[in-house]
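The next block holds one structure in the form of structure tokens; read it before the comments.
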Amino acid sequence: MSSHPYRYRMLVEYLNPTAGSVKPDYAEENAKESLAGKLEEVVKHLPEVIAEGWEVNSHSLSISQDTVILTVLLCRPAAS
């Protein structure tokens, strides 16, 4: 049986934009702009947290209750 040619890892970032009891309403423009700004900050530091040799394969953005979840699938060639 042959082995898979790539190794995979998940990188997950959680953003909780709720301030106290105030929950964001993403239908409002200022809430969307705030979320976009926070996501921009996360994306800027991603190269610092991704280890050498790993590459972004795909990503996903979802919202669960009041938490925004950015999931990044990383891959690299498996060692021979």
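The values are calculated or read from the model by the stated rules, or taken from the named source; none is laboratory data. None of these values were measured; they are calculated from a predicted model. Here the Cβ positions follow ideal geometry from the backbone for every residue, glycine too, while neighbour counts run over all protein chains shown.
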Worksheet entry | Top-ranked residue in region 47-68 [being small (Gly, Ala, Ser) and closer than 17 Å to residue 14 by Cβ; ranked as modelled with the lowest pLDDT] | 64
Discussion item. Restricting to region 43-80, give me the number of residues that are over 23 Å from residue 16 (Cβ atoms) and not aliphatic (A, V, I, L, M).
Written reply: 11
Discussion item. Can you tell me which of (1) at negative phi; (2) exposed (fewer than 13 other Cβ atoms within 10 Å of the Cβ); (3) modelled with pLDDT under 85; (4) more than 14 Å from the chain's Cα centre (by Cα) is the one residue 32 doesn't meet?
Written reply: (2)
Practice prompt. Please indicate, with yes or no, whether at least one residue in region 56-70 is surrounded by 10 or more Cβ atoms within 10 Å (Cβ to Cβ) and touching a Lys or Arg at 6+ places or on another chain (Cβ under 9 Å).
Written response: yes
Worksheet item: residue 13 fails exactly one of the following numbered conditions: (1) at pLDDT below 90; (2) acidic (Asp, Glu); (3) touching a helix residue (DSSP H, G or I) at 6+ places or on another chain (Cβ under 7 Å). What is the number of that condition?
Response: (1)
